[in-house]
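The values are calculated or read from the model by the stated rules, or taken from the named source; none is laboratory data. This is a predicted model, so every value here is computed, not measured. Virtual Cβ from ideal backbone geometry, glycine too; neighbours counted across all protein chains shown. Surface areas here come from the heavy atoms of the whole protein model, side chains and all, with no ligands, DNA or RNA. Shrake-Rupley method; radii C 1.70, N 1.55, O 1.52, S 1.80 Å.
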Amino acid sequence: MTAWQPRKDWLNEAVASALDQRGCKVELVLVDDGSEPPVAELVERVRDPRLRVLRVPHGGLYPARNAGIEAARGDYLRFIDADDVIDLDSTARLLELVDGQDDVVAYGTTLRCDSSLRPRGEISSSLQGRVETDCLLSRFTVRHMSMLFPRRAIELGGQYDVSFTTSGDWDFVLRVLEHAEVRGAPIVATYYRSHDGQMSANIERCEEGMERVVRRYFERHPEQRNSRLERRAFAAAQLKAARSYRSRGRRRQALQRLWSAALLDPRSAARELGPGIARQAVRAFRPARTAAG
């Protein structure tokens, strides 16, 4: 768990949910990313021997996550944010799915909640096995905090890339899944608290991060450059951005991204958002592009 300037009540809910996991042995490495006051002063269960508070100079989310990975002593790692809550039986159930293997990532469902942890929807998947391509194409809809990672898979995939400001979780998961298969079950793993202070609230920054994740994948796999997969991957990132803009009422930006996706992969744009919307984007932007000629 990483924390920077956390709300005390949310932090203590998160800590309690991690330490009270049933059916398994856990340690909680709580990385204080240079908070003032120090996180140790906010934690009610600071004397629990399974809790280690590690204070590091403020450097951001991904360097703090890496500090936690390095400090953790377990063979399996799970990530939890300081404003979320994990189901009390979920880690034991994810361990059952892994079944002692070091090349299997287990996952469950994330319940998307409001700031009071009232459920508002599910983030889940039914995919099993090797899902690297599905993850690249944004079809593996699982949040990292609802996954259990073998340490060996993280060692092969690499720690968090600290040069990312957003989308670093997707980059991390994608690299790990290049070395492991997944096993999932329809169990609630995490209660994800949505609020305005989250990194994902900035669409422009997230869009830049998503495109960079895709570029980095093809840098690792140059044999797949200039392929249909590359076009589909960039189109999927554009479609994801289009949905985000549309959900916030920014219609023109949504249509711009849809236009870009349709140029890269017309079938995906038509299939995922509907041919009528795809045609609307083409009509809206073809004249302007032609005039700019």
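What the table shows:
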item: Flag if L88 is touching an Asp or Glu at 6+ places or on another chain (Cβ under 6 Å), surrounded by fewer than 22 Cβ atoms within 10 Å (Cβ to Cβ), touching a residue at least 24 places away in the same chain (Cβ under 8 Å) and closer than 19 Å to R143 by Cβ; result: yes
item: Residue match in the range 173-191 (condition: open to solvent by 20 Å² or more (accessible area, probe 1.4 Å), under 22 Å from R65 (Cβ atoms), hydrophobic (A, V, I, L, M, F, W, C) and modelled with pLDDT of 95 or more); result: no
item: Residue in the range 101-122 that is closer than 28 Å to A269 by Cβ, assigned to a helix (DSSP H, G or I) and in contact (Cβ under 8 Å) with a residue 24 or more places away in the chain present; result: no
item: Failed item in (1) closer than 23 Å to Y191 by Cβ; (2) surrounded by 14 or more Cβ atoms within 10 Å (Cβ to Cβ); (3) touching an Asp or Glu at 6+ places or on another chain (Cβ under 9 Å), with R50 passing the rest; result: (2)
item: F79 within 18 Å of the chain's Cα centre (by Cα), open to solvent by less than 10 Å² (accessible area, probe 1.4 Å) and in contact (Cβ under 8 Å) with a residue 24 or more places away in the chain; result: no
item: Considering residues of the range 224-248 that are open to solvent by less than 80 Å² (accessible area, probe 1.4 Å), of a type in the set (S, T, N, Q) and under 26 Å from N202 (Cβ atoms) only, the residue nearest to the chain's Cα centre (by Cα); result: S244
item: Within the range 131-224, helices (runs of 4 or more DSSP H) holding 2 or more residues that are without any contact (Cβ under 8 Å) to a residue 60 or more places away in the chain and within 28 Å of L264 (Cα to Cα); result: 132-136, 168-177, 203-220
